[in-house]
1. Take Leu225 and decide whether it is closer than 30 Å to Asn166 by Cβ and under 60 Å from the mean Cα position of the chain (by Cα).
2. Take the conditions in contact with a strand residue (DSSP E or B) (Cβ under 8 Å, 6 or more places away or on another chain) and on the phi < 0 side of the Ramachandran plot and apply them to Val190. Does it pass?
3. Would you check which residues across segment 180-202 are surrounded by fewer than 15 Cβ atoms within 10 Å (Cβ to Cβ) and among the hydrophobic types (A, V, I, L, M, F, W, C) and list them?
Amino acid sequence: MSQAKSARPTLFEVSLNDGTTWTGTERELRRDHPDWIPYAQAVQPRTTATRDAHEAYSRDVLTQIEQDYADDPHPGRLPRSSLNYNTMAWQQVRYEYRPGTVIQRRRSAQTQTGNGERDTEDAPAVKSKRARRSQHWLLYLGIGMVVMLALWLLLQMAVSWWQLHNDAVNYGRPTTYQFDAVLGHSDSAVNPTHIIIVNLNRHIIIIELPGGDASHARIYSGPTLFGDGQDLTPVTGWAVDVNGDGKLDLVLYVQDQRIVFINDGTQFRPAKPGERITIPK
């Protein structure tokens with residue numbers, strides 16, 4: 001009777017995917033559910049002979065599973081060789097498969113943020129002291145100076161553009177200035193002499209029409225201006241007696257310079273060095 005009990009096959013229990021529990025012998029387990037062999041658990045007390053047989057069975061099952069895993073080029077499940085199948089005779093361990101069960105994450109578990117840093121739920125992010133520290137006042141001073149310099153340059157560019165635009169409207173291109181005066185060169189108050197001053201590519205040219213008669217026109221060559229943009233500089237003139245001889249002379253105004261032509265009674269000549277000249281304001 002004791003031999004029959006010791007030879008009785010060991011029963012194993014497996015929890016299937018459909019929620020049912022399967023119980024049977026090793027032969028039935030290999031035949032009906034070979035994929036569930038790693039999850040099989042002994043469910044009845046065993047004698048010494050039964051325990052020895054179960055240990056031999058466990059070694060055989062583990063060897064077979066590891067061999068199958070090594071031969072399978074695409075294993076679907078890692079071997080459960082770390083589980084202890086030799087449970088105590090009075091201890092029953094049951095593993096159940098529960099589809100749809102969600103395991104809650106611990107509050108202290110780390111999470112991956114979008115910028116590659118790790119943060120925890122229960123530990124709020126702490127800003128560094130460097131981020132909270134205010135910038136030095138010299139930084140704001142430098143930024144203000146750069147802004148003021150940029151505004152000053154823009155203002156200078158605007159003034160220069162407006163000056164060129166105003167000169168183009170008043171004097172044209174090339175810049176031309178003209179006026180009438182009684183110079184005593186075959187003219188009169190009814191027919192005054194017409195003076196035309198032209199800045200032609202930085203070279204000043206004076207055209208005189210005595211009594212307004214173009215057939216007796218005289219052309220005087222003035223100085224040449226040097227520098228960038230001098231071809232757009234307007235040159236104006238004024239008829240005034242600068243040497244006190246009672247005849248009106250010609251004074252040219254080029255920015256802050258004065259160029260004098262002396263009236264000898266019939267035409268103009270450049271002023272000579274050392275000649276006493278007084279230009280009224």
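Please treat every number below as a calculation from the coordinates, not as lab data. Everything quoted here is computed from the prediction, not taken from an experiment. We place every Cβ from the backbone using ideal geometry, glycine too, and count neighbours over all the protein chains shown.
1. Details: closer than 30 Å to Asn166 by Cβ: yes; under 60 Å from the mean Cα position of the chain (by Cα): yes.
So Leu225 passes the test.
2. On the way: in contact with a strand residue (DSSP E or B) (Cβ under 8 Å, 6 or more places away or on another chain): no; on the phi < 0 side of the Ramachandran plot: yes.
So Val190 does not fit the description; no.
3. The answer is Ala189, Val190, Leu200.
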